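Structure first, then comments.
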Amino acid sequence: MGPREVVGFGVREAEASGGSVPVWVAWLGRRLGAVRPWRLLPTPTGTPFAFGYAFLLCVTSLISAYADPALVHALLQGSSTDVAHLVRAPEFVLVGSALWVAGGVASPFAIGFVLVLTALERRVGGLRTAGVFLLGHVLATLATEVPVGIAVLAGHLPDSSLHRLDYGISFGVAAGVGALAGLLPPWLRVPLLAGFGWMLLQDLLAFTDPLTNWGHPIALAIGVATWPVLRRQHREHASHLGELPTSS
């Protein structure tokens, strides 16, 4: 075989002796050559929504980690999307609950937030990314909390269930995963949905927090439901930036 030249991640072979690069090597080289690791992280100009939101979550995570525990508990309880708060001030708690990260900035959903929302915003813009996140957060919250209120009224759950602590970004992130999957090529879409779906299934089987655990697949389905709209908008966004769509 002739000498090989590596450019970026692509492999090119000079056919000095009539050899050729295997098809799978050329395919993998093209795929890896398109990877730009720095684009995985948000930037103030490239992805202002993901960057600004991530900064805000870092601030609230520092507060929850270092502030007085009684103050932190009061803040979390006041922004909880439990049934009692949803009845009294739904707009306030639906926004307030999304300002906190359950488990801190090192949690899987916090890391997923940065990667998923950055990738989604680069494809469809900040406004549509915010819409997907909000849609998943709000609808999945209502889908899990409304049955609790009905069950309490029917006498199947105690009144204390109306005040269960419920906050975090996980529903919005799950919706973002579902939405992003529809904009990726199949070789990335399938592993993403399979891996995330397997994680959600394990949580459901563990049965540690049934309401929240059921909310995640609901939010994922909400994200998947946005595929037709986002794919059209992705083509328009990519055309405006002079790029080609990556979905198929």
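The values are calculated or read from the model by the stated rules, or taken from the named source; none is laboratory data. Everything numeric in this text was worked out from a predicted model, so none of it was measured. Cβ sites come from the backbone with ideal geometry, for glycine too, and all protein chains shown count toward neighbours. All accessible areas refer to the heavy atoms of the entire protein, side chains included, with ligands and DNA or RNA removed. Shrake-Rupley method; radii C 1.70, N 1.55, O 1.52, S 1.80 Å.
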(Q) Once you order the gyration tensor axes a ≥ b ≥ c over the Cα atoms, which shape class does the stretch 117-248 get: rounded for a/c under 1.5, otherwise prolate or oblate by comparing a/b with b/c? (A) prolate
(Q) Quick check: pseudo-label points 7 Å beyond the Cα along Cα→Cβ at I63 and D209, how many nm apart are they? (A) 1.9
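Suppose R0 equals 22 Å; then what is the FRET efficiency for R232 and T45 from their Cβ-Cβ distance, rounded to the nearest 0.05?
Once the sixth-power term is evaluated, E becomes 0.30.
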(Q) Shape verdict for the stretch 37-152, please, from the Cα gyration tensor: rounded (a/c under 1.5), prolate (a/b greater than b/c) or oblate. (A) oblate
Q: Write down the accessible area per residue of the stretch 98-246 in Å², having rolled a 1.4 Å probe over the full set of protein chains.
A: 47
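For the stretch 63-114, what does the alpha-carbon gyration tensor say about shape, rounded, prolate or oblate, given a ≥ b ≥ c as the root eigenvalues, a/c under 1.5 as rounded, and a/b over b/c as prolate?
oblate
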Q) For D209, what is the net charge nearby, where nearby means another residue's Cβ is under 10 Å from its Cβ and Lys, Arg count +1, Asp, Glu -1? A) -1
